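Each remark here refers to the structure printed beneath this line.
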Amino acid sequence: MTQRLLDIAGIGADRLHVAWVSSAEAQRFVDVATAVTDSIKSQGPLDAKQHALALSAARKTVDGEIIRWFVGKEVKITTKGDVYGRPWDIESFEKTLMATLEREYEKNLILSAIQDGAVNPRAIRDKVGLDLGRISYLLADLEKVSAIAFQRMENKKPVFAAL
């Protein structure tokens with residue numbers, strides 16, 4: 001999931017390496033450490049300033065209640081079903097989780113852009129690269145949960161502020 005989030009954010013899944021290595025596997029540890037080091041060297045350093053909004057949005061996404069809830073309910077939902085007793089296979093659950101992850105990331109990216117000074121939909125688009133229709137749709141979601149608020153109209157453009 002975190003690798004998918006890094007891909008959505010434009011940082012790249014290859015920047016995160018996860019491997020299980022037993023203390024009895026010294027050579028495997030060396031092999032994994034070498035592979036990780038080679039991979040990171042080939043990618044070059046991560047420009048944190050260039051990816052500041054993406055990193056902020058990714059952090060808010062993984063810290064958010066919705067994704068934590070989803071991950072915490074995976075076993076229960078895929079083994080016993082949802083609250084309505086409907087069964088969920090792992091593939092359907094993961095597809096829904098990934099769609100939710102993308103949506104939450106995009107909402108947090110918009111929120112980060114507003115906090116960074118982009119207060120109208122076009123300025124947000126210019127900062128984050130999302131489609132204006134998607135931005136408008138997600139702005140409404142952010143208003144519903146009181147993350148942002150409409151402030152005023154300025155030159156026929158709505159102005160929003162983070163709460």
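Read-outs throughout are calculated quantities, based only on the coordinates presented, and are distinct from any laboratory measurement. Model, not experiment: these values are computed from the prediction. Don't worry about glycine lacking a Cβ; one is built from the backbone with ideal geometry, like all the others, and counts go over all protein chains shown.
Observations, loosely collected:
- Value of [θ]222 nm, deg cm²/dmol, for the chain, DSSP H segments ≥ 4, -39500 (n - 2.57) each, nearest 500: -20000 deg cm²/dmol
- Using the alpha carbons alone, the radius of gyration of the range 2-43 stands to its Kirkwood radius in an Rg to Rh ratio of 1.08.
- Dipole of the chain computed with +1 at Lys/Arg Cβ and -1 at Asp/Glu Cβ about the Cα centre; of ALA54, ILE135, GLY12, farthest Cα towards the positive end is ILE135.
- Gyration tensor over alpha-carbon atoms, the range 36-137, equivalent ellipsoid semi-axes in Å: 30, 21, 11
- With the cut-off at under 19 Å, measuring from each backbone N in the range 108-124 to a point 7 Å along the Cα-to-Cβ line of MET153 picks out 119-123.
- Here the simple spin-label model places points 7 Å from the Cα toward Cβ, and for GLU91 and ARG28 these points are separated by 3.0 nm.
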